[in-house]
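Below is one structure, written out as structure tokens, with a few remarks after it.
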């Protein structure tokens, strides 16, 4: 296997809230480690509010990490100056969740795409710029002449295609896809997913594909990392994770995926999670999932489980596989 394109080690992103004695920390991302190979798609899934989007933003330094290492193709991203960071961002891009909010309503869509070309000096003259914008739109399934139209003239699916065209404008190696189909109609979702797959094959892109449910990543990801309350609780090859999910949290997420066969759908066991996700300001001691877990036992309150190998290329943070982790004191 080649060297990883992206290596993330013990990433933390904490946000202070309140002042003085009332000051507390929101631990949005609290110790995430992952790797991504060139041309690979890593799915990052979990419930809303678990830290997926913040993790993606922190990798691109669109929010500043509190601590941890982010190494991209040998470059320590956290050590880059503002000038070097701008140059580095030519190699990394982001597709945002909301196609209605991610485009400037005051600019023709061609100008939104062309801004990246301007910043990085990737065109020579107005006609070359316009030709490049037209090529990008056409590659994403839109006619070049729509470059002069404004965002409000497009449907949600068309806007997301424009956002994708903008993301690939600088020919990046890596794209963070932040729930790129969540705001789209079901009939359009497959088209956008197919477009992303085609672009990956043609351009050799690596994706971090963020989603809130496992069904969305079932057919596009090579590996999947499951996140809960700021941490990775399971990571495995896609087929291994679907065949043999280990932590009760992953099992519950998988049980929520509908089965097209009505007979099997009626007969299978559904795992319903009780309660709400705890506050990232004051997470539970020990295992963070223990307050909602149907398999909880005494050790879950006093041991914070570590990710450990449960099979080849399959890691899980769950005490059901042995009491491996950090003992809680005090």
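Details
- Acute angle (nearest 10 degrees) that the helix 186-203 long axis makes with the longest principal axis of the chain, alpha-carbon atoms: 70 degrees
- Gyration tensor (Cα) of the chain, equivalent ellipsoid semi-axes in angstrom: 37, 24, 18
- Residue order, fewest to most beta carbons within 10 Å, for 64, 323: 64, 323
- Each peptide among 245-251, 304-310 gets the average number of other Cβ atoms lying within 10 Å of its residues, and from highest to lowest they stand as 245-251, 304-310.
- Added length on full extension, which subtracts the Cα-Cα distance from 0.36 nm per residue, residue 120 to residue 82: 12.3 nm
- Distance between the C-alpha centres of the stretch 264-330 and the stretch 162-214: 31 Å, rounded to the whole angstrom.
- For the chain, calculated [θ]222 nm from helices alone, where every DSSP H run of n ≥ 4 adds -39500 (n - 2.57): -8000 deg cm²/dmol
- For the stretch 100-219: Kirkwood Rh in Å [reciprocal of mean 1/r, alpha carbons]: 14.8 Å
- Residue exposure sequence - 82, 52 - by fewest surrounding Cβ within 10 Å: 82, 52
- Peptides ranked, highest mean first, by Cβ atoms within 10 Å: ranges 17-27, 178-188: 178-188, 17-27
- Looking at the stretch 6-327, the DSSP beta bridges with both ends there are about 65 percent antiparallel.
- Three-way shape label, the stretch 286-330, alpha-carbon gyration tensor, a/c 1.5: oblate
- Segment residue 19-residue 143, length gained on full extension (0.36 nm per residue, minus Cα span): 39.4 nm
- Neighbour counting of Cβ atoms within 10 Å sorts the residues 274, 7, 235, fewest neighbours leading, into 274, 7, 235.
Bear in mind these aren't lab numbers, they're just calculated from the coordinates by the rules spelled out. Quick caveat, the model's predicted, so the values are computed rather than measured. Note that we place each Cβ from the backbone using ideal geometry, even for glycine, and neighbour counts take in every protein chain shown.
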